Amino acid sequence: MSPVFPMLTVLSMFYYMCLRRRARTATRGEMNSRRAIESNTRALPINVEIVQYAKEVLDFSSHYGSENSMSYTMWNLAGIPNVYPSSGDFTQTAVFRTYGTWWDRCPSARLPFKRTPSTFCSQDYVELAFEEPVYPTAVHILETYHPGAVVRILACSANPYSQNPPAEVRWEILWSEAPTKVNGPQARQFTPCIKQINFPTNLIRLEVNSSLLDYYTELDAVVLHGVKERPVLSLKTSMIDMNDIDEDEDEEKFDCGMDTLNKQFSIVTLREWPTNGYFDKLPYELIQLILSHLTVPDLCRLAQTCKLLYQHCCDPLQYIHLSLQPYWARINDTSLEYLQSRCTLLQWLNLSWTGNRGAISVSGFSRFLKVCGSELVRLELSCGHFLNETCLEVITEMCPNLQELNLSSCDKIPPQAFNHIAKVGSLKRLILYRTKVEQTALLSILNFCSELQHLSLGSCVMIEDYDLIASMMGAKCKKLRSLDLWRCKNITESGIAELASGCQLLEELDLGWCPTLQSSTGCFTNLARKLPNLQKLFLTANRSVCDTDIEELAANCTHLRQLDILGTRMVSPASLRKLLESCKDLSLLDVSFCSQIDNRVVLELNANFPNVFIKKSFTQ
């Protein structure tokens, strides 16, 4: 037979396959869009677009508001707009806890994890449920003040209202971009160009980065546009659905490639090369240094190239600091299992945002810590909703050297579970923001963890007597440097006096939205006189702060760098000038809604003190 015939046979088979795909795609198009084909006036199927606002806020990492109120909370994102198209600072919007880079410049700032991929810059998130699962065609985000914080939009395959959860929960990125600076704080409708996905969704997640903003971003509503049937390609352009050629091409993975993490960890068959080139001549330590600049997924990929690099990539020295937060959507029990042998020297671990919706089990987490927890010094578990009392018990038993523990927004942990933390006497940093810690457990922690230097109790609503807590801090926590009491409802001048007398090393104190503190009792004057090392002081929304308090700060707290007196009616421009002249390091001064400080005064102060960011918020 002529050699030409086999080639013709192959070409014929390929042509036949193309025709089959064309016919199959055409048939599917006819089924979904019969009317469009018959009329020959439409290229795409008639598929009515559904427009819906968020029905419910399912989860979020932080918010400015109170747990017992609607003002400035994430719950305002549910339903129709409350404010849009108006611009300004409104309590009916959703506001995250931080903005700018100020929180990275205060004594409580934490060191960043190395190896964080450049594509991951998210600082906060909120998850929204919608009534109807749809194939998204557009997402509109109504931003009413200082827009530009949203950096990523994701869709989830799980239906939060379904009685039958899927065996595998998938997240797909609809849109992602680095933080950008938006000129002006005015309201806008943000509608990025999103990609198509191959599953319907009614669970949308927004991730934000507020580092470039001059003030808190405010979101009013999120609108999801979508269709019930999966869109197909136009019949006028091509009848071949290119996604049919390779189903996996339709599923965009995270840039890090964490979807294949488990497979990469378990690779045992490696190529045999006669030589490893120049790598054979490099010192072991130098290769380790080079590899230390790679992300975790890159290490996994490199480990598949040859035995030499496999040895280096699996060396526990490469996993002393490990942050899995950037890959939160792909981390599960299997991932932790394959990481165990590499993390025997682990000192820093970041599992924030991971493990939700059953991805990490209590047993999987416990097994990992039993192998990798003995050297652990820092453990980040923010928004870890899989955590329960058993997990905290395992942490305290398996991590004897633990110094930093972050349980921020772990609101599923039962109150009694926090008693276990008292067993970790070496703790220096403890973050309990938005947790259900109760007074008895907290008193036990303060009694036994006398090495504490940084403590966050913001929005801990189950504590009954903050004066008693403050008294215990003053008696036991002499090394305390930063304290967050944001929105504690019942601390008085008595508790402040005990705190100031016993914790004189304090450099940072957040008393924002503490309504029971009154300047007339002398509590703020007492703070200024007894805490000369203060660098950050937030007295947000305390309308009793007066000129006397500001003058005491100017006289005694000359190292002050950040001061928030939003909402006071009793501070004059003259006292602010004294403060600015005395505190040479001051970089942030928030005088929003201070009735005596108008825009003219702010312009004057800005001109005379150009190194200070003076914030004056407004409402239209």
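The values are calculated or read from the model by the stated rules, or taken from the named source; none is laboratory data. All of these numbers come straight from a predicted model, not from anything done at the bench. FYI the Cβ positions are ideal-geometry reconstructions off the backbone, even for glycines, and counts take in every protein chain you see. The area values use the complete protein model at the heavy-atom level, side chains included, leaving out ligands, DNA and RNA. Shrake-Rupley method; radii C 1.70, N 1.55, O 1.52, S 1.80 Å.
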*For Thr344 and Val51, FRET efficiency with R0 = 51 Å and r from the beta-carbon atoms, rounded to 0.05?*
0.45
*For the chain, find the longest principal axis of its Cα atoms and tell me its angle to the long axis of helix 439-448, 0 to 90°, nearest 10.*
80
*FRET efficiency estimate (nearest 0.05) - Cβ-Cβ, Val461 to Thr137, R0 45 angstrom*: 0.65
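Give me the Kirkwood hydrodynamic radius of the chain, using the inverse of the mean 1/r over all pairs of distinct Cα atoms, in Å to one decimal. Can you show the working numbers first?
Working: mean 1/r = 0.0366 Å⁻¹.
When all Cα pairs of the chain are included, the Kirkwood radius is 27.4 Å.
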*Antiparallel DSSP bridges in the range 480-620: what percent, to the nearest 5?*
0
*asked:* If N is the number of residues in the range 485-619, what value comes out of its Cα radius of gyration divided by 2.2 N^0.38 Å?
replied: 0.97
_Solvent-accessible surface ranking, highest first, for Ser382, Ser292 at 1.4 angstrom_ = Ser292, Ser382
_Can you compute 3J(HN,Hα) from phi for each residue in the range 427-434, using the Karplus curve 6.51 cos²θ - 1.76 cosθ + 1.60 with θ = phi - 60°, rounded to whole Hz and x for Gly and Pro?_
4, 10, 9, 9, 10, 10, 3, 6
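Counting only DSSP beta bridges with both residues in the range 319-463, what percent are antiparallel, rounded to the nearest 5?
0
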*Distance check, please: which entries in Lys114/Lys423; Lys428/Lys584; Lys412/Lys436; Lys478/Lys530; Lys436/Lys489 exceed 19 angstrom between their Cα atoms?*
Lys114/Lys423; Lys428/Lys584
_Distant-in-sequence amide H partners of Arg170 (H built 1.01 Å from N, under 5 Å)_ = Ser157, Ala158
*Between Asn276 and Gln304, how many nm apart are label points set 7 Å from Cα along the C-beta direction?*
1.9
*Looking at the range 124-216, which trypsin sites (Lys or Arg not before Pro) are DSSP coil and have at most 11 other C-beta atoms within 10 Å of their C-beta?*
Lys181
*Which percent of the accessible heavy-atom area of the range 319-463 goes to carbon and sulfur, probe 1.4 angstrom?*
47
*Once the other residues with Cβ under 13 Å from the Cβ of Glu67 are scored (Lys, Arg +1; Asp, Glu -1), what is the net sum?*
+4
*Output the antiparallel fraction of DSSP beta bridges having both residues in the chain, as a percent to the nearest 5.*
55
*Kirkwood Rh, Cα Rg: Rg to Rh for the range 319-463?*
0.94
*Accessible area (Å², per residue) of the chain, counting only protein heavy atoms and a probe of 1.4 Å*: 44
*Measure nothing fancy, just the Cα-based angle from helix 547-556's long axis to the longest principal axis of the chain, in degrees from 0 to 90, nearest 10.*
90
*Return the distance in nm (one decimal) between the two label points of a simple spin-label model at Met70 and Tyr161, each offset 7 Å from Cα along Cα→Cβ.*
2.0
*How far is helix 4-32 tilted off the main Cα axis of the chain, in degrees rounded to 10, range 0 to 90?*
60
*Report, largest value first, the span of the C-alpha coordinates of the range 471-519 along each principal axis, in whole Å.*
27, 18, 17
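Once neighbouring chains are kept in place and the probe is 1.4 Å, which whole percent of the accessible area of the range 49-227 is contributed by carbon and sulfur?
Numbers: 3350 of 6750 Å².
Percent of accessible area from carbon and sulfur atoms in the range 49-227: 50.
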*Just the accessible area for Ser61, please: 1.4 Å probe, Å², rounded to the nearest 10?*
10
*For the range 85-123 and the range 455-479, compute the distance between their C-alpha centroids and round to whole Å.*
25
